[in-house]
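A.B. asks: Handing you this structure, nothing more for now.
The values are calculated or read from the model by the stated rules, or taken from the named source; none is laboratory data. What you are looking at is a predicted structure, and each value in this text was computed from that prediction instead of being measured. Note that we place each Cβ from the backbone using ideal geometry, even for glycine, and neighbour counts take in every protein chain shown. Quick note on the areas: whole protein, heavy atoms, side chains included, nothing else; ligands and nucleic acids left out. Shrake-Rupley method; radii C 1.70, N 1.55, O 1.52, S 1.80 Å.
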Amino acid sequence: MTEFRNYYGTDPGWGTDARRALFKAACKYLGINPTQAENIFGVGFHSILQSSSVQLSGEILNKVKKDPAILNKQREIVAEIKKDNDYKVKIIRNREIKSFGIQLGGQRARGEMWKQALEFWKWRTEYSATWEMAFDELTWAVRSVNVKYSYVADSNGDITISYNLADTLDLRPSWGNRSMEYNAICCVLGFMYHDVLGGSDELQIKANWKTIIK
């Protein structure tokens, strides 16, 4: 069952109790797992209803698995494993959990964001990557995240990689860590989403999966 945070007298999401009751009733009526989200809308529901965490599943989890950045990193991991002298000789596994930082949802086009916004005639050509990133649900669900992984390769050479990630859904600006354009957008979006709509800024987005490479 989903756990919700106790704010001890504060109510960062106005009408929190009513939202939780409505959410539970809707999940029961629709037969939906209240601990998981299959798309960005499910993630948004959990945020608006002040859930403490949600597990990505279904369609959105598949997008994480197939994200080009994940696949590129996976190829690097597999190549490194195959360099081991024990590969295809005996079972090998990592001795400690490893991790890597990554950005999901694609990369924006080069150039200043204010310039890309004004030069609308280039939106479909030179700046198309920026718009593709903006409309990718992974950009809003997780985006910049640290992924932990472990692996095991059997004597036949089959490699199983286990991944897990956890990220906080927070649309507030991050001065000193993000670009001026990003912070400017978040000043508006963060206020509207967190303060007006009451979306949680502490929701933990979690995902775990395994990939087998034959």
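A.B. asks: Going through the range 50-108 one residue at a time, which ones are of a type in the set (Gly, Ala, Ser), under 29 Å from Glu126 (Cα atoms) and either in a loop (DSSP other than H, G, I, E, B) or in contact with a Pro (Cβ under 7 Å, 6 or more places away or on another chain) (or both)?
C.D. replies: Residues satisfying the conditions are Gly105, Gly106.
A.B. asks: Moving on. Only one of Val54, Val43, Val89, Val64 is of a type in the set (A, V, I, L, M) and loosely packed, with under 14 Cβ neighbours inside 10 Å. Can you tell me which?
C.D. replies: The conditions single out Val89.
A.B. asks: If Asn183 passes every condition in (1) modelled with pLDDT under 80; (2) open to solvent by 30 Å² or more (accessible area, probe 1.4 Å) but one, which one does it miss?
C.D. replies: Failing condition for Asn183: (2).
A.B. asks: Tell me the residue from Glu38, Glu80 that is over 30 Å from Gly157 (Cα atoms) and of a type in the set (Asp, Glu), please.
C.D. replies: Glu38
A.B. asks: Hey, another quick one. Kindly list the number of the only condition in (1) open to solvent by less than 20 Å² (accessible area, probe 1.4 Å); (2) within 18 Å of Ser162 (Cβ to Cβ) that fails for Ile97.
C.D. replies: (1)
A.B. asks: Could we say that Ala37 is modelled with pLDDT of 85 or more, under 16 Å from Leu104 (Cβ atoms), among the hydrophobic types (A, V, I, L, M, F, W, C) and touching a His at 6+ places or on another chain (Cβ under 7 Å) here?
C.D. replies: So Ala37 passes the test.
A.B. asks: I'm trying to understand the selection: among the residues of the range 135-152, which are among the aliphatic types (A, V, I, L, M) and more than 15 Å from Glu59 (Cβ to Cβ)?
C.D. replies: Val145, Val147, Val152
A.B. asks: Any residue in the range 129-148 that is among the hydrophobic types (A, V, I, L, M, F, W, C) and open to solvent by less than 40 Å² (accessible area, probe 1.4 Å) sitting within a Cβ distance under 7 Å of a residue that is at pLDDT 75 or above and assigned to a helix (DSSP H, G or I)? List the pairs, counting only those 6 or more apart or interchain.
C.D. replies: From residues that are among the hydrophobic types (A, V, I, L, M, F, W, C) and open to solvent by less than 40 Å² (accessible area, probe 1.4 Å), the pairs are Met133/Thr139; Leu138/Lys63; Leu138/Val64; Ala141/Ile40; Ala141/Val43; Ala141/Ile60.
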